[in-house]
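See structure below.
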Amino acid sequence: MKKFICSALAAAVVCGTAYAEGYQINSLSAKQIGMGHTGVALKLGAESMFFNPAGMGFMDKTLDLSGSLTGIMPTATATVNGKDYKTDNGISTPIGVHAAFSIYDNLKAGISFYTPYGSSINWTDNWPGAVLNQNVNLKVFTIQPTVAWAITPKLSVGAGAMISWGSVDLNKGLVTAETTDRTIAALTALGQLPAGTPGFGSTTPASVNLKGQAEMTVGFNVGAMYDITDGLTVGASFRSRMPMKVKAGDATVSYANDLSQNLLGESLDLLNKANFKAEMPCPWVLGLGVSYKPIDRLTLAFDARLTGWHTYRQLDIEFLSEQLADYNQHIEKKYKNSWCYSLGAEFAVTNRFDVRAGLMVDTSPVNKNYYNPETPGMTKVEPTVGLSFRPISSLSIDLGFMYVAGMGVDNASCEYADLLGGQMIKKLTAAGLPQQQIEALGFKPSGTFTADYKLHAFIPSIGVSYSF
């Protein structure tokens, strides 16, 4: 029971960071999506506040405003015993809004609002892996005030404070339909349920909704950029680790029908009173980049970003009630650092029309020994295209599109505590049934869910920028 409750609550707070290559958003600029989301060594005006604050120091405008809205439309597929189960996801809409202005020719300031983490996945209520995850919705927001200083005409540095907060809303099954149907059959044989009591088939008997609000936290985003020649620029940026703390998560249990509530309520209703606190990291990100203009109209860029997921070694959960102190858990995650590589090109067809193309390869940090469908991590290959049109010189309308192709993960497994199976083993043992007969009924204290996973996504983006 203790292990089960902690596993359920862990799922609520893991989702904020576990699926790094998916929840760590790489689609915060319509312009830069078209170039593979490069930007560490590009002079992007106000948008540099996210990619590399130092780039803002080279801004040659009095005021630069930009905003982008992106739609992420993912589909994940799990193949279980030869049958495919697909997610029924809505559209996630990360945004980025940036404003920068000149204080002096070599000193710039600005403020940026963006969503560095955020996604959703909906496996539906009654799929075979419901005991691990049914659906989740994650949102993380950041406000970043920033300053940049061009120390020389070739060298600029910048720094910003990242003020972040967020929330997570997750639903998952508490017991499997298979174990519940075995329980009904066993209790009927013992005379504790009437003959003909219907089973649940593929319906999840009981689920829990888990909500947590992460309190505000502060980190920093710093960078430097240097022009080696007029056409060759290098840059580096660093976004700090931020601890996201849930002070009081809430749990609410729901049942499929009266039968499931009568069977399970005595044990599961405890979750309705459970409040917990937890802490998980938003890891540091180191960005290295280079850009090159072989000719005046063509810009090439390459970024390599290392995300410090190695800091996510375990998830600690502590209950607010002293009566539940025995349920506190320290759950190992053992993630590894992961690289994301981006390559992009921009060509000015005319003075008012630009086209872009790019490619991003985003590697996964997920440990296969802790694989869960709430975070179906896998390496992804992401080709991109984009364009910009300027009806007037100061106004740009930007379009970008990214396709995400997951490389897939086969035979991925995850253990879960089978609460009802463990209870029935104790109940049948107390009733005098031989151990061999109990094993023949199929009751086990834990189970393993195994599936092959695939993922793809369509990501269109539109943006507008204005400067003078």
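The values are calculated or read from the model by the stated rules, or taken from the named source; none is laboratory data. Remember, predicted model here, so these are calculated numbers, not experimental data. Because the Cβ atoms are built from the backbone with ideal geometry, glycine has one as well, and the counts that use them run over all protein chains shown. What goes into the accessible areas is simple: the full protein's heavy atoms, side chains included, and nothing from ligands, DNA or RNA. Shrake-Rupley method; radii C 1.70, N 1.55, O 1.52, S 1.80 Å.
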query = When both residues are 6+ apart or on different chains and their Cβ atoms are under 6 Å apart, which pairs have a first residue that lies in region 397-415 and is closer than 22 Å to Thr379 by Cα, and a second that is acidic (Asp, Glu)?
reply = Met402/Glu382; Val404/Glu382; Asp410/Asp452
ask   = Do you know which residues across region 347-367 are farther than 19 Å from Ile459 by Cα and either aliphatic (A, V, I, L, M) or assigned to a strand (DSSP E or B) (or both)?
value = Phe347, Ala348, Val349, Phe353, Asp354, Val366
note = Those residues of region 106-121 which are farther than 30 Å from Ala159 by Cα and surrounded by fewer than 17 Cβ atoms within 10 Å (Cβ to Cβ) amount to none
Extreme residue, most open to solvent (accessible area, probe 1.4 Å), among residues of region 354-368 that are out of contact with any Asp or Glu (no Cβ under 6 Å at 6 or more places or on another chain) and among the aliphatic types (A, V, I, L, M) = Leu359
task = Please work out which one of (1) open to solvent by 10 Å² or more (accessible area, probe 1.4 Å); (2) assigned to a helix (DSSP H, G or I) is the condition Tyr416 fails and give its number.
result = (2)
request  = State whether the residues of region 161-168 include one that is open to solvent by 10 Å² or more (accessible area, probe 1.4 Å), at negative phi, touching a residue at least 40 places away in the same chain (Cβ under 8 Å) and not in a strand (DSSP E or B).
outcome  = no
request  = Return a yes/no flag: does region 222-242 have any residue that is surrounded by fewer than 17 Cβ atoms within 10 Å (Cβ to Cβ) and modelled with pLDDT under 85.
outcome  = no
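If you scan region 426-450, which residues turn out to be at negative phi and either in contact with an Asp or Glu (Cβ under 9 Å, 6 or more places away or on another chain) or polar (S, T, N, Q) (or both)? If you could, list the steps in order and put the result at the bottom.
Of the residues in region 426-450, the ones at negative phi are 426-431, 433-441, 443-450.
Correct list: Thr429, Gln435, Gln436, Gln437, Phe443, Lys444, Pro445, Ser446, Gly447, Thr448, Phe449, Thr450.
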request  = Please work out which one of (1) under 19 Å from Asn171 (Cβ atoms); (2) at pLDDT 80 or above; (3) of a type outside the set (Asp, Glu); (4) buried (at least 19 other Cβ atoms within 10 Å of the Cβ) is the condition Ser254 fails and give its number.
outcome  = (4)
